[in-house]
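Take a look at the structure below.
The values are calculated or read from the model by the stated rules, or taken from the named source; none is laboratory data. Just so it is clear, the model here is predicted, and its values are computed rather than measured. Counting neighbours? That spans all protein chains shown, and the Cβs are built from the backbone with ideal geometry, glycine included.
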Amino acid sequence: MELLTDRFGRVHDYIRISVTDRCNLRCVYCMPEEGLKFLPHDEVLQKDEIIDFMKVMVQFGIKKVRITGGEPLLRTDIVEIIRGISAIPEIEDIAVTTNAMYLAKKAEALKEAGLTRINVSLDSLHEDRFREITRGGRLQKVIDGLKKAEEVGLFPIKLNVVLIKGQNDDEILDFLEFTKDKDINIRFIEYMPIGHAGNSWKKKYLSLETIFEKCKEQGLEYEPIDTVKGNGPSENYRLKGAKGSFGLIHPVSSHFCDNCNRLRLTADGYIKACLYWDEELNIRPYIQKDPEELIRLVKQSIDNKPENHEMALKLQDEATSHKPTWRRMSQIGG
Ligand code: SAM
Ligand code: SF4
């Protein structure tokens, strides 16, 4: 089988598909309070286009998929999208990233449709603070969603926590505590300057070294582990004696590009080989009409993939060698 290999020998077997740019929340690091100009419905890929796209991609070695957005569970046909992708024999792993507002309602149908596992975004364990960060989210809905996901067996469950200086960095130990008796993976993520660069981002950014410092302060012992399914760019650790684990995703302080195996498809049908790069190619016109041209564009995108995303330069106010993306995270699919 011909694999999707780039100039640096990185083989691409994983794609993140954004199925919508819309969201029912407005997280402070992701979307402005007033929302964004959302795509008209006819500009968003339809269910069959997404499934047909995947049928082409598996012929070139793609075997892992993450469905994301915007908020993917807002799509009324999300269960059918999952069913269609999971029915493709070459697909080994299909996950969803969600804010969990509708997870309790949909977990069972998603599992039955073939979903393997979920990532849930949860940046605070305090109701009022959670509402503030997400601008309207309800913590109880996340808790109910997690319970239901556990009940129906969407394992492993991962929690995404974006570390925001002055807003949730005092909860690091509470999140770590959470891993002690729950078989859950907490992924601390550095705040990225995607789509809204500048000083407002830098004021809120914290390096994930902070996690180790907190552990040391508290005398918490931890060890590296290598057993979390769907590991991605996360470095994983376990507190001594804990059931669960924690991971660090630090694209800014230390980029994770050496082993990058990911491609992204935006909700309006653009292929992006790098999260932070502005280059994107519109493959929508070819999905059902010309799979050869479709794959030619995918390969072109991979050929142009940079060696690393250069996000760290933003921290020092240095210019990148290429234009960073104009899209926000919700418009790319985080
Ligand atoms: N709505 C879903 C959710 O929140 O889980 C899926 C889409 S969201 C864009 C995917 C992930 O990107 C979330 O875990 C979110 O926390 C993360 N994210 C969004 N903006 C970010 C930023 N500026 N820096 C770091 N992570 C970000
Ligand atoms: Fe919506 Fe997810 Fe972005 Fe929050 S992080 S605004 S839930 S897309």
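Numbers at a glance
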item: Count of the range 76-93 residues which are surrounded by fewer than 22 Cβ atoms within 10 Å (Cβ to Cβ) and not in a loop (DSSP other than H, G, I, E, B); result: 6
item: So Thr68, is it polar (S, T, N, Q), on the phi < 0 side of the Ramachandran plot and free of Cβ contacts under 8 Å to residues at least 12 places away in the same chain; result: no
item: Filter result (surrounded by 17 or more Cβ atoms within 10 Å (Cβ to Cβ) and more than 14 Å from Arg264 (Cα to Cα)) within the range 296-307; result: Pro306
item: Inter-residue pairs, beta-carbon under 9 Å, first assigned to a helix (DSSP H, G or I) and of a type in the set (D, E, K, R) and in the range 124-137, second within 10 Å of ligand 2 (Cβ to nearest atom) and at pLDDT 95 or above, 6+ apart; result: Arg129/Asp123; Arg131/Gly137
item: Close pairs (9 angstrom Cβ cut-off, 6 or more residues apart or separate chains): closer than 15 Å to Gln218 by Cα in the range 160-188, within 15 Å of ligand 2 (Cβ to nearest atom) and in a helix (DSSP H, G or I) anywhere; result: Glu171/Arg129
item: Qualifying residue in the range 170-180 (condition: closer than 30 Å to Glu318 by Cβ, in contact with a helix residue (DSSP H, G or I) (Cβ under 6 Å, 6 or more places away or on another chain) and at pLDDT below 95); result: no
item: Selection status of Ala100, touching a Leu at 6+ places or on another chain (Cβ under 8 Å), under 16 Å from Leu73 (Cβ atoms), modelled with pLDDT of 95 or more and within 16 Å of ligand 2 (Cβ to nearest atom); result: yes
item: Yes/no for Arg284 being under 21 Å from Asp42 (Cβ atoms) and either surrounded by fewer than 16 Cβ atoms within 10 Å (Cβ to Cβ) or away from ligand 2 (no atom under 16 Å from the Cβ) (or both); result: yes
item: Check on Glu49, over 20 Å from Lys106 (Cα atoms) and in contact with an Asp or Glu (Cβ under 6 Å, 6 or more places away or on another chain); result: no
item: Residue that is within 20 Å of Gly334 (Cα to Cα), surrounded by fewer than 23 Cβ atoms within 10 Å (Cβ to Cβ), in contact (Cβ under 8 Å) with a residue 24 or more places away in the chain and within 21 Å of the chain's Cα centre (by Cα), where the choices are Leu73, Leu103, Leu36; result: Leu36
item: Residues (at pLDDT below 80, closer than 24 Å to Gly69 by Cα and either assigned to a helix (DSSP H, G or I) or within 16 Å of ligand 1 (Cβ to nearest atom) (or both)) located in the range 311-332; result: Met311, Pro324, Thr325, Trp326
item: Glu43 vs. criteria farther than 20 Å from Val79 by Cα, more than 10 Å from ligand 2 (Cβ to nearest atom), surrounded by fewer than 18 Cβ atoms within 10 Å (Cβ to Cβ) and modelled with pLDDT under 95; result: no
item: Scope the range 274-287; condition at pLDDT 95 or above and part of a loop (DSSP other than H, G, I, E, B); matching residues; result: Ile283, Ile287
item: Extreme residue, nearest to Ile164 (Cα to Cα), among residues of the range 10-25 that are of a type outside the set (Val, Ile, Thr) and more than 11 Å from ligand 1 (Cβ to nearest atom); result: Tyr14
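The rows are residues; the columns are (1) touching a Pro at 6+ places or on another chain (Cβ under 8 Å); (2) surrounded by 17 or more Cβ atoms within 10 Å (Cβ to Cβ); (3) closer than 18 Å to Ala312 by Cβ; (4) polar (S, T, N, Q).
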site: Phe188; (1), (2), (3), (4): no, yes, yes, no
site: Asp226; (1), (2), (3), (4): no, no, no, no
site: Val252; (1), (2), (3), (4): yes, yes, yes, no
site: His255; (1), (2), (3), (4): no, yes, yes, no
site: Cys260; (1), (2), (3), (4): yes, yes, yes, no
site: Tyr276; (1), (2), (3), (4): yes, yes, yes, no
